[in-house]
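The values are calculated or read from the model by the stated rules, or taken from the named source; none is laboratory data. Keep in mind it's a predicted model, so treat the numbers as computed, not measured. Note that each Cβ is placed from the backbone with ideal geometry, even for glycine, and that neighbours are counted across all protein chains shown. All accessible areas refer to the heavy atoms of the entire protein, side chains included, with ligands and DNA or RNA removed. Shrake-Rupley method; radii C 1.70, N 1.55, O 1.52, S 1.80 Å.
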Amino acid sequence: MSEQKESFAESTSYLKKAVPLMIKYQIPTTPTNYALWYTYVAQTNPQLNAAVDSTIKASGICSPLSSELLYQEHVAAQTERDVETMKQSL
């Protein structure tokens, strides 16, 4: 299988995992929340996964405010670090 098809299959798998979790935990399906939950199901950020799990364990849901804070701390912050690293390498 080509790399592109593997990537498509993998991303489709994450989609099929992320959306049902978002519905289960009453998370609005916004682009930001999808990015958060896509990263969660991809299991590429252990700190994010632990924080999401802790939030859900404490309240049974992941409120919009919790989702935004988790996104800012774990997804957006990583993206900013990646951009900064790329700038410095140029």
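Among the helices (runs of 4 or more DSSP H) lying completely within region 13-83, list those that include at least 2 residues that are surrounded by fewer than 12 Cβ atoms within 10 Å (Cβ to Cβ) and of a type outside the set (Ser, Thr, Tyr).
Correct list: 46-59.
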Cross-chain or 6+ apart pairs with Cβ under 6 Å, region 36-50 first and of a type in the set (A, V, I, L, M), then open to solvent by 70 Å² or more (accessible area, probe 1.4 Å) and in a helix (DSSP H, G or I): Val41/Lys17
